[in-house]
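Enquirer: Structure below; questions to follow.
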Amino acid sequence: MTVKHILSNCKVLDFTHALAGPTTTRLMAEMGADIIKVELAPRGDMTRTMAYYKNGRSGYFIQQNRGKKSLCLDMRKAESLEIIKKLVAETDVLIENYSPGVIADMGLGWDVVREINPELIFCSISAFGQTGPLAHLPGFDYIGQAYSGVTSLMGYPHEAPVMPTISMGDVNTGVHALAAINGALFYRSQGGGGQHIDCSLLDSYFHCHDLNVQLYSNSNGKMQPTRNGRHHPAVAPDGIFRGKDSSMFVIAVTAKQWTALCGVMGRADMLDDPRFKTNADRVANVDQLIEIIEGWIQAMPSDDAAREALEAVRVPVAPVLTPAEATQHPHLIERGTVRTISDRGLGEFQVPGMPLRFSECPATLTLEAPYLGEHNAAILRERLSMSDAEIGQLIASEVLHAETIPG
């Protein structure tokens, strides 16, 4: 018997590009969903030419689009719209991350597709959402981050904010969208029918606030969260400490961990020191606390020795690894957190692995990223029962586009 995966038999029309939307559909592909990636002629997804680029293949595109089938259409032609409408009729989930109004202008708005398929889950991902004063504006990850109040919290107090060099918002929004889609699929399975999901970068970023919003609100504005450099503004010790030859991240937030930290440093006297007796005391005297902890770390034989001593007494600690170091770490490799894949054009390289683990479907799927328009004929033949002659006519009239696949 063939073991099905979590989303086997789930049919998806993927009108996404760049990162937020492709993150959602990439995870769905990893869970066995049947994904048709609809790409707009003539170039397709904008990331097809992004670094690392070799032999006509983009590592960025491959990482986000493995396991998807590419259907490349000129959506300005009436025949393309008819093809999509026929596919919508037998689709479970349609996902798009254009600016609000764009997919409606293409003739595929929610009001249209729900008439074709009342059971359809239609997910829109955008910077600011489908409603509100900002909805009409374009935006990407860092734009949503700035509006959410998150950017203002990154960096040092008396300097300009800094920008991360990872796409936290895009990936986070993609995962939020996945959660909403899976919830909607369950709702539909209970007889609720299809629905439109509105997922935004701004909403997802704002959802990441832990202390900040309620601190400001509950204090009637007296507490103003701001940048705090290398250390947490409300918990101590909790931050990045200078090591003997590198940096490490130390967390000691519970009473038990604070006691263990003082013990391993040989500083039991700090347990009764009024400067450090409570978390509030430690936050108020954090500069002195940092000096003591960093002095102990740097007096150790090595950073590894300091880390091992902390681990031995269950104080949470981690080295600050570079991406290169992380990809070589045995824990990340063993769990498949970092995964080596093979592409037909780019060869073998490492990518982030599948972060969702299922006891009944433990094996990772072997997936390939498509060439542009690679599955045009197969999709039309298998899904819509088109003949070779009909497909040939669509190619001749430039409704379908495809790149040459190397032999």
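Enquirer: Out of Pro355, Pro301, which single residue is over 30 Å from the mean Cα position of the chain (by Cα) and either part of a loop (DSSP other than H, G, I, E, B) or of a type outside the set (Val, Ile, Thr) (or both)? Reasoning before the result, please.
Expert: Working: Pro355 fails: over 30 Å from the mean Cα position of the chain (by Cα).
Exactly one residue qualifies, and that residue is Pro301.
Enquirer: Check Leu81, Leu120, Leu134 and return the single one that is crowded, with 21+ Cβ neighbours inside 10 Å and either in contact (Cβ under 8 Å) with a residue 12 or more places away in the chain or within 30 Å of Gln350 (Cβ to Cβ) (or both). Even if it seems obvious, please write down each step before you answer.
Expert: Working: Leu81 fails: crowded, with 21+ Cβ neighbours inside 10 Å; Leu134 fails: crowded, with 21+ Cβ neighbours inside 10 Å.
That would be Leu120, the only listed residue that is crowded, with 21+ Cβ neighbours inside 10 Å and either in contact (Cβ under 8 Å) with a residue 12 or more places away in the chain or within 30 Å of Gln350 (Cβ to Cβ) (or both).
Enquirer: Continuing with this model, one more query. Please enumerate the residues belonging to segment 237-285 that are assigned to a loop (DSSP other than H, G, I, E, B), touching a residue at least 12 places away in the same chain (Cβ under 8 Å) and of a type in the set (Ser, Thr, Tyr).
Expert: Ser246
Enquirer: Kindly provide the set of residues from segment 255-277 that are loosely packed, with under 13 Cβ neighbours inside 10 Å and of a type outside the set (D, E, K, R), ordered by number.
Expert: Those that are loosely packed, with under 13 Cβ neighbours inside 10 Å and of a type outside the set (D, E, K, R): Ala255, Gly266, Ala268, Pro274.
Enquirer: Moving on to the next point. Looking at (1) more than 29 Å from Ser385 (Cα to Cα); (2) in contact (Cβ under 8 Å) with a residue 40 or more places away in the chain; (3) open to solvent by less than 10 Å² (accessible area, probe 1.4 Å), find the lone condition where Tyr98 falls short.
Expert: Every listed condition holds for Tyr98 apart from (3).
Enquirer: Here is a further query. Quick test for you: out of Ala377, Ala324, pick the one residue that is assigned to a helix (DSSP H, G or I) and more than 31 Å from the chain's Cα centre (by Cα).
Expert: Values: Ala324 fails: more than 31 Å from the chain's Cα centre (by Cα).
Being assigned to a helix (DSSP H, G or I) and more than 31 Å from the chain's Cα centre (by Cα) holds for just one of Ala377, Ala324, which is Ala377.
Each row is one residue, and each column tells you yes or no for (1) over 15 Å from the mean Cα position of the chain (by Cα); (2) crowded, with 18+ Cβ neighbours inside 10 Å; (3) under 21 Å from Met28 (Cα atoms); (4) not aliphatic (A, V, I, L, M).
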| position | (1), (2), (3), (4) |
| --- | --- |
| Asp141 | no, yes, no, yes |
| Ser148 | yes, yes, no, yes |
| Gly191 | yes, no, no, yes |
| Gly194 | yes, yes, yes, yes |
| Ser204 | no, yes, yes, yes |
| Cys208 | no, no, no, yes |
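Enquirer: Another one. Which of the residues that make up segment 60-74 are in contact with a strand residue (DSSP E or B) (Cβ under 6 Å, 6 or more places away or on another chain) and open to solvent by 10 Å² or more (accessible area, probe 1.4 Å)? Give the derivation first.
Expert: First, pick out the residues of segment 60-74 that are in contact with a strand residue (DSSP E or B) (Cβ under 6 Å, 6 or more places away or on another chain): 62-63, 68-72.
Passing the criteria: Gln63, Lys69.
Enquirer: Further, regarding this structure: Exactly one of (1) more than 30 Å from Lys86 (Cα to Cα); (2) among the small types (Gly, Ala, Ser); (3) open to solvent by 40 Å² or more (accessible area, probe 1.4 Å); (4) out of contact with any Asp or Glu (no Cβ under 7 Å at 6 or more places or on another chain) is unmet by Ala309. Its number?
Expert: (3)
The values are calculated or read from the model by the stated rules, or taken from the named source; none is laboratory data. Given the structure is predicted, the values throughout are model-derived calculations rather than measurements. Heads up, the Cβs are rebuilt from the backbone with ideal geometry, glycines too, and the neighbour counts pull from every protein chain shown. Calculation scope for accessible area: heavy atoms of the full protein, side chains included, ligands and nucleic acids excluded. Shrake-Rupley method; radii C 1.70, N 1.55, O 1.52, S 1.80 Å.
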